[in-house]
Structures are given as C-alpha cells and as structure tokens.
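Let me begin by presenting the structure, written as structure tokens, before commenting on it.
Values quoted throughout were computed directly from the atomic coordinates according to the rules given, and no laboratory measurement underlies them. Fair warning: this is a prediction, and the values are worked out from it, not measured in the lab. Backbone-built Cβ (ideal geometry, glycine too); neighbour counts: all protein chains shown.
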Amino acid sequence: VSWREWADGEAAGIRDAGQWRAPRDLDAVGPEGKLAPDGRPVVSFASNDYLGLTHHPSVVAAAHAALDRWGAGSGSARLIVGSRPVHSELERALAAWKGTERAVLFPTGFAANLGVLTTFGGPDVLVVSDELNHASIIDGCRLARAECAVARHVDPEHVDALLANAGSRRGLVVTDTVFSMDGDVAPVADLLDVCARHGALLVLDEAHAVLGPDPDLPDPDAGDAGVIRIGTLSKTLGALGGFAAARGAYTDLLVNRARSYIFTTASTPADSAAALAALAIVRSAEGDALRDRLRAHVEQVRPGHPSPIIPVVLGDERATLAGAAELLEQGMLVPAIRPPTVPDGTSRLRVALSAAHSSEQVRALATALAALADR
Ligand SMILES: Cc1ncc(COP(=O)(O)O)c(C=O)c1O
C-alpha cells in the first residue's frame, strides 16, 4: 500500500474503535475560559496546574524578565552554549527542595524519564516497573534495552519477588508516586525497604505529588544504590521542563550519558525562570496555603483521597463520553479517559482539581458528579 493508503487505514481503525481524538483550544488563563469551536464558556477540571501558578503574577513577571534578559530561546543544548545562569540556579533550587546533592534539568518530564531509564538501565539491569506507570516510563524502559518486569499495581511484595529473580543483574525499581490516571499513591516506604534489601536503585516519578507523598528519603549519599527523584516543571510549578534530583555522581552521569539531555536544546530561559519563581512560592507560607486550599477542594469531591487527581470510573466508554458531554453542557470541562490510555472496561472521567478553582466551582462539580453517579 502507498503511504497515503496506510495512513488513511490507520486513522480509519482508530475512528472505527471510537477512539479518535483531536485537541480543542481553550482560550484561558486559569480554569475559566472559552472552548473552541463555539467559544462556549467553561470551567476546566482538566489541567495539572495544581496550585494555579501558571498565571501567578510573580511567576509571569519572572518569565518576562528572563525574556528581556536572555531572549526567547536558548539556542543550543546545555553542553554546547545553551546553558544560562537561570538553568543552574534552578537546578540548585530543585536539589535543595528535594533534599538531594544535585539536580539536572531536562526539556520535559517525559525526557527526564527517558534520560534516567536509558542511562541507568541496560542489559545488565533488571527494571521492575509498576503496571500503571506513565507512558514516559514505559518508553524509557523500552529504550533502556533492559529486561523489564511489570509489577502488580502498588504491590511491594511482588516487586520483592521480581527482584529476587535478578540474579547477577543490578535491580532498578521505577514508579509514579501519584498515578496519573488513578490519583492513588505508591507505597514509597515499603519500596525503599525492598530496594535496600536487594541493593536496587529506586526511581520515583513525582510528577503529580503536589500533596505528597513527600517521602522522607535517606541521605543521597547513604547506602549503595540510593534514590533518583524525577519531577516536572509543568504541573505544580506551572511552567515547562523536567528534572532528575539525586546524588552528584548520578546527575553527573546523566549529563554525560542521557541522550534526552545531551542532544536537545536547553529549556527556554523564561520557562526556567518561571519555575524558579514558582518553586519559591511552593516552599513559602503562600505555598502551604495553596496546598491547604487544594486539599479542601479534594475533600469536597472525595473525602480522604490523597491527590487532586480524582477518577470517576464509569467503565463503559460510551457512558463515559456521555458523562463528559453532560458535564460540558453544564459548563464543566472534564476529560473522558478511555482505552488505550486506561485498561479496557475502566473508562473514566478524570477530574483534576486546582487551588485556582473557587469553592463554588468545586461544589458545583461535586453536585454534578453525584447526579451522574445516581443514575
Ligand atoms: C507521571 C508522569 N510522569 C511524567 C510526565 C511527563 O511530564 P511532562 O509533561 O513534563 O513531559 C507526566 C505527564 O505529563 C506524568 O503524568
């Protein structure tokens, strides 16, 4: 077949499965905006801007100042001539935040996972990965050319059993700490114990860990293997970029080996400056207040839930699409998440709450979700 026929056939397959997707523009700063194509006013419950820092005045001002000082783009990779003082300053601030010796920036969280897993994975490594880990971890495992054993979800005993089969290989355990489609949390303390017993390296992806778990990790230099903490600048920190925080020996190795660090242009100075300003807020009393507000929103929708990602699992794909359409009619944008993003039969509405929502907006959502559940 020709390329055109092939592409048309692939697209038809996705359409026939009812899984065709296309982006919709939301003209917005913060949760309220106008949704294309008809400009309908909506409140979005779809963003990972958990603390509302994308549009915080000091974050925006820092980005403006960086643009004025260094221009729009970095012009080249960090190791060539793309490194600006703001990149290094942000790395120091991220390391201090995470309690590690050092941190290294990547263009995105996705690139950070690829970089860490390809650098530390390899044929002499057994990678143990939770079955619900993010796509960037799955792709990192594939690229690492290591054998990858998939562990049952949040099951440290299974991780233990899988590591017992590592033989002469070094073990590496990788997990989201807050799972992106379920909003539940990994048993980090148990995983630390299991890894310590096997001398395995623990890699934590803390992309969504705005409300914790905030693992009380050992000194980065203690023990043989240690921990690598991966994060993103694009969610809690309201900008764009990713990072890995760890002992200096590991971050230095990433700088020298990780292809998603070496062969890509450095983050824009404006993004790094925005994240730096956001991090100062996250670590201040204002940050505490924003997290308290977010926790209160979560309590309104699902008491006791550990994160701002709240799945409303309806199971059936069509019912989920209908639920999302009904909420949209009421001016609430909540995405329907379906296979292949989640397993068959677990289609869901994925609510993401933010401190930028008002209590009234969250109350209206909780009422609408309760009405959906009552059917
Ligand atoms: C758990 C997890 N890790 C990594 C990423 C990738 O981060 P980024 O958007 O910065 O590429 C995401 C989401 O985007 C995520 O949910």
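Whose amide H sits under 5 Å from the amide H of ILE337, counting only residues 5 or more places off or on another chain, with H placed in the peptide plane?
Hits under the 5 Å cutoff: ARG348, LEU349, ARG350.
Taking neighbour counts of Cβ atoms within 10 Å as a proxy for exposure, in what order, fewest first, do ASP27, ASP155, ASP130 appear?
ASP27, ASP155, ASP130
Based only on other Cβ atoms within 10 Å, what is the fewest-to-most ordering of ILE230, ILE80, ILE262?
ILE80, ILE262, ILE230
By its C-alpha gyration tensor, with a ≥ b ≥ c as the square roots of the eigenvalues, how is the chain shaped: rounded for a/c under 1.5, else prolate for a/b larger than b/c, else oblate?
rounded
Would you work out if segment 130-171 is rounded, prolate or oblate? Take a ≥ b ≥ c from the square roots of the eigenvalues of the alpha-carbon gyration tensor; rounded if a/c is under 1.5, else prolate when a/b is larger than b/c, oblate otherwise.
The shape class here is oblate.
If pairing requires two Cys Cβ atoms under 4.7 Å apart, which cysteines of the chain are left without a partner?
If one checks each Cβ against the other cysteines of the chain, CYS195 turn up with nothing under 4.7 Å.
Determine the dipole magnitude for the chain: charges of +1 sit on the beta-carbon of Lys and Arg, -1 on that of Asp and Glu, nothing else is charged, the reference point is the Cα centre, and the result goes in debye to the nearest 20.
740
Based solely on its DSSP helices, what 222 nm [θ] is calculated for the chain when runs of n ≥ 4 H residues each add -39,500 (n - 2.57) and the sum is averaged over all residues, nearest 500 deg cm²/dmol?
Result for the chain, helices only: -13000 deg cm²/dmol.
Arranged from highest to lowest average of other beta-carbon atoms within 10 Å per residue, in what order do the peptides 162-168, 98-104 appear?
98-104, 162-168
Mind ordering 170-179, 138-147 by average Cβ neighbours within 10 Å, highest first?
170-179, 138-147
Run through the DSSP bridge list for the chain and note the antiparallel percent, rounded to the nearest 5.
55
Which of VAL282, SER358, SER347 sits closest to the plus end of the dipole of segment 254-375, meaning its Cα is farthest towards the positive end, when Lys and Arg get +1 and Asp and Glu get -1 on the C-beta?
Checked the options; the winner is VAL282.
Hey, got the dipole for segment 214-273? About the Cα centre, +1 on K and R Cβ, -1 on D and E Cβ, debye to the nearest 20?
It works out to roughly 340 debye.
Give me the percent relative contact order of the chain, please, defined on Cα pairs under 8 angstrom at least 6 residues apart.
Once normalised by length, the contact order is 23 percent.
If you keep only loop residues by DSSP, which trypsin sites (Lys or Arg not before Pro) in segment 1-61 have at most 13 other Cβ atoms within 10 Å of their Cβ?
Those that pass, being in a loop and sparsely packed, are ARG21, ARG24.
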